[in-house]
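> Below are the structure tokens for one structure; questions will follow.
Only the coordinates and a few stated rules stand behind these numbers; no lab work does. From a predicted model like this one, the values you see are computed outputs, not experimental measurements. A quick note on method: Cβ atoms are made from the backbone with ideal geometry, for glycine too, and the neighbour counts reach across all protein chains shown.
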Amino acid sequence: MSNSSHYDDVVIGSGMAGLTIASLLAAAGRRVAVLEAHDTPGGYAHTFRMGKYRFCAQVHYIFGCGEGEPIHRLLTRLGLEETITFERLNPEGFDQIVVAGERHRIPTGFSKFRDRLIHRYPDAARPLHKYFRIIRSLREELAALPSPIGLKDIATAPFRFPNILRYRTWTLQRLYESLDMPPRVQAILAGQSGDYLLPPNEVSLLLHVALVSNYDRGAYYPTNHFSSLVEALANAVKQAPGSAVFLNTTVTEIETNGTRVQGVRTSDGKRFTARRYISNADPTQTLALATGIDVPHREKRRFTYEYSSSNFTLYLGVRDLDLREYGFGNHNVWHYPHEDINAMYQVQGKANDLSNPWLFLSTPTLHSGRPGLAPEGHQILEVATSCSYEYFSELKRKDRKAYTRAKVQTRDRILSIIEKNYVPNLRNHLAMKVAGTPTTNEFYVRAPRGNAYGSNLTPANMFPRVSNQSPLANLWMVNASAGYPSVGGTVGAGIRLYEQLEGDAI
Ligand SMILES: Cc1cc2nc3c(=O)[nH]c(=O)nc-3n(C[C@H](O)[C@H](O)[C@H](O)COP(=O)(O)OP(=O)(O)OC[C@H]3O[C@@H](n4cnc5c(N)ncnc54)[C@H](O)[C@@H]3O)c2cc1C
């Protein structure tokens, strides 16, 4: 019996970008094979079970679900817009930033946010007015930016996109300094920095604007939790005639004749051939799987980039306690022990010191009341922060016991911080505690260096991002690096590639 199967399209990986392009192609009548290394689809958006609890691996809240936005457009095309619905996080404070014990609620609407800040920090009125003016004009120009950018767009950029041109190499810190923004207000405005895992002195100003603008349009959580979204997209592939999702199927080789892919081989000894191949795996990792090509020097440079930071995550099952009584709810809480976010990233990521980390705290069971994540009456609290990949991976490689000790110490330190600042006696109510490190990301999602957001979101990596073209004529890339990170960003990348390949606007 032959171990080779032929499809119209082979998609390597079932992260959000992979599932987006695969489901759209399947809906258009193409016979699609999705090959996924893990035992469950979704990449970072997958859900795993631990005892009586189910945790989404890394996604907590998303943007892009409003009418006309990428996730809504995808679901509408698949006829799923009434099946997969979303809850809005609290528009009066969907992200709540706690700096040295002071809580600030980020509302929907830049004007409201600006006025709240000016009310609290009247001396910062001038820089705040200027900051929001610049953010707004960049938001408008970014929304009008075509993709891909053509020669005509470049020629007319000085008139159409003057602010993008002016600020494209800026970091957020450079803007703060040019405006003389007070340090406390700097910290609040960068309070969502974990959404790009970079401090103000490294993050691209344009990326910061894109992030805060997207969430300003609406912060969402799926009514039936993230697994419903992932399953719906995977089912759209599985149920299409001639298409399939193969789990536990790692692509180990991409065979080429030097210019075209001729087939892919998988860990279970199978071979898949197709007219087109699309990789949702990291672009550099994808090229490393290709045999028989000599990648030109110029192309090699394009596929050499610095990865974004990695993270430590804590998944907690909470019983006999209502987190709503402790400042949690239909919002996220960002904890910063002091106002110097640049120093925090430096100490945590570069000096491996997690003794006083910033923390992101999210409560999925309070974002939607639907069952499915925890036993009745129990709640879930997920906590994340930035950390060094080297530190954890070296420990794991050299001394497994030391790795486990470091993991437990970090977990306990984080629990102490939460007990001190938010929920006294939290430990007495924990029915489940699971910790993940950068090597967990690497193992389950095959993210190089456990990177959270693809290539690092510094000005150098923003324009251009790694393009979805590859050196092989019938291979395309689509993921957080070949596109933009986040669920909204990767769904957008999947839609763009579909439109490009099929000439069919979503
Ligand atoms: C801590 C953290 C918090 C985050 N929070 C949010 C959030 O709240 N909201 C949000 O919108 N985004 C969030 N993100 C970002 C978001 O999860 C990602 O940007 C997005 O899910 C990445 O999707 P992707 O399509 O690039 O694929 P990935 O999620 O990277 O998945 C790639 C898939 O390809 C598979 N694969 C790789 N190589 C192979 C191979 N050789 N063979 C077969 N399969 C392979 C992997 O197993 C994996 O399933 C967070 C990320 C992290 C780490």
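> With the Cα gyration tensor of segment 206-268 giving a ≥ b ≥ c as the square roots of its eigenvalues, does the rule (a/c under 1.5 for rounded; else a/b larger than b/c for prolate; else oblate) give rounded, prolate or oblate?
Oblate, since a/c reaches 1.5 and b/c is not below a/b.
> Ignoring everything except DSSP H segments at least 4 long, calculate the 222 nm mean residue ellipticity for the chain; use -39,500 (n - 2.57) per segment, divide by total residues, nearest 500.
Helix contribution divided over all residues of the chain: -11000 deg cm²/dmol.
> Continuing with this model, one more query. Report, to one decimal in Å, the Kirkwood hydrodynamic radius for the chain based on all distinct Cα pairs.
When all Cα pairs of the chain are included, the Kirkwood radius is 23.5 Å.
> With r defined as the distance between the Cβ atoms of A143 and R446 and R0 fixed at 35 Å, what FRET efficiency is calculated, to the nearest 0.05?
The formula returns an efficiency of 0.60 here.
> If I stretch the segment between K238 and K350 completely, what's the gain in nm (0.36 nm per residue apart, minus their alpha carbon distance), one decimal?
Going from the current span to full extension adds 35.9 nm.
> A further question follows. Give the Cα extents of segment 251-391 along the principal axes, in whole Å, largest first.
Taking the Cα atoms of segment 251-391, the three principal extents are 63, 40, 22 Å.
> Also, I was wondering about something else. In sequence order, what are the phi-derived ³J(HN,Hα) couplings for segment 145-159 according to the Karplus relation 6.51 cos²θ - 1.76 cosθ + 1.60 with θ = phi - 60°, rounded to whole Hz, with x for glycine and proline?
Along segment 145-159, the couplings run 5, x, 9, x, 7, x, 4, 5, 5, 5, 5, 9, 3, x, 8 Hz.
> Right, here's the next one. Return one number: the angle in degrees, 0 to 90 and rounded to the nearest 10, between the long axis of the Cα atoms of helix 205-216 and the longest principal axis of the Cα atoms of the chain.
Around 80 degrees separate the two axes.
> Now, a different point. Enumerate the amide H contacts of N468 below 5 Å, restricted to partners 5 or more residues apart or on another chain; note that Pro and chain-start residues carry no placed amide H.
Amide H neighbours of N468: none.
> Using the reciprocal of the averaged 1/r over all distinct C-alpha pairs, how large is the Kirkwood radius of segment 55-108 in Å?
Over segment 55-108, the inverse of the mean reciprocal pair distance is 13.3 Å.
> Can you work out the Karplus-derived ³J(HN,Hα) for every residue in segment 487-498? Use 6.51 cos²θ - 1.76 cosθ + 1.60 with θ = phi - 60°, whole Hz, and x for glycine or proline.
Karplus-based 3J(HN,Hα) across segment 487-498 equals 5, x, x, 6, 4, x, 5, x, 5, 4, 5, 4 Hz.
> Shifting gears a bit: Counting only residues 5 or more places away or on other chains, whose amide H sits under 5 Å from the amide H of C387 once H atoms are built in the peptide plane?
Excluding prolines and chain starts, which carry no amide H, the hits are S310, N311, F312.
> Here's something else I'd like to know. Note down the magnitude of the dipole of the chain about its Cα centre, charges +1 on Lys and Arg C-beta and -1 on Asp and Glu C-beta and zero elsewhere, to the nearest 20 debye.
Computed charge dipole of the chain: roughly 520 debye.
> To the nearest 0.05, what FRET efficiency results for H129 and E82 with a Förster distance of 45 Å applied to their C-beta separation?
0.60
> Net charge near E140: determine it from the other residues with C-beta under 15 Å of the C-beta of E140, scoring Lys and Arg +1 and Asp and Glu -1.
So the surrounding residues net to +4.
> Sort L233, L501 so the one with the fewest other Cβ atoms within 10 Å of its own Cβ comes first.
L501, L233
> If each residue's Cβ is checked for other Cβ atoms within 10 Å, how do H378, H338, H119, H367 rank with the fewest at the top?
Arranged by neighbour count, lowest to highest, H378, H338, H119, H367 become H119, H338, H378, H367.
> Still on this structure, I have one more. Using the beta-carbon distance between K152 and Y326 and R0 = 56 Å, what value does 1/(1 + (r/R0)^6) give for FRET efficiency, to the nearest 0.05?
Here the calculated transfer efficiency is 0.55.
> If you count, for each residue, the other Cβ atoms within 10 Å and average over each peptide, how do 318-331, 138-151 line up from highest to lowest?
The peptides rank, most packed first, as 318-331, 138-151.
> Can you list the HN-Hα couplings for segment 422-439, worked out from phi with the Karplus curve (6.51, -1.76, 1.60; θ = phi - 60°), rounded to whole Hz and with x for Gly and Pro?
10, 10, x, 6, 3, 4, 5, 10, 8, 9, 8, 9, 10, 10, x, 10, x, 6
> Rounded to two decimals, what is the ratio between the C-alpha radius of gyration of segment 309-448 and 2.2 N^0.38 Å?
Taking the Cα Rg and dividing by 2.2 N^0.38 Å, one obtains 1.07.
> Amide H to amide H, which residues 5 or more places from H338 or on other chains are under 5 Å from it, using H placed in the peptide plane?
So H338 has HN proximity to A100.
> Sort I12, I97 so that the residue with the fewest other Cβ atoms within 10 Å of its own Cβ comes first and the one with the most comes last.
Least to most surrounded, the residues fall as I97, I12.
> Using 0.36 nm per residue of separation minus the Cα-Cα distance, give me the extension gain between S467 and N248 in nm, one decimal.
Residue separation times 0.36 nm, minus the Cα-Cα distance, leaves 76.0 nm.
> Highest first, please rank the peptides 172-181, 75-84, 153-162 by the mean number of other Cβ atoms sitting within 10 Å of their residues.
The densest-packed peptide leads the list: 172-181, 75-84, 153-162.
> Within straight cross-link reach of K112, meaning Cα distance under 16 Å, which lysines are found once same-chain residues fewer than 8 apart are removed?
K112 reaches K130.
> Which lysines does K407 reach when only Cα atoms under 24 Å apart count, and residues fewer than 8 places away in its own chain are ignored?
Qualifying lysines at Cα under 24 Å: K52, K350, K396, K398, K420, K433.
> Sort 470-477, 350-357, 245-252 by packing, meaning the average of other beta carbons within 10 Å per residue, with the highest value first.
470-477, 245-252, 350-357
> What is the extension gain from S4 to T223, computed as 0.36 nm multiplied by their sequence separation minus the C-alpha to C-alpha distance, in nm to one decimal?
Taking 0.36 nm per residue and subtracting the Cα distance, the gain is 74.8 nm.
> Oh, and also: Could you give the semi-axes, largest first, of the ellipsoid that matches segment 90-216, computed as the square roots of 5 times the alpha carbon gyration tensor eigenvalues and rounded to whole Å?
27, 15, 14
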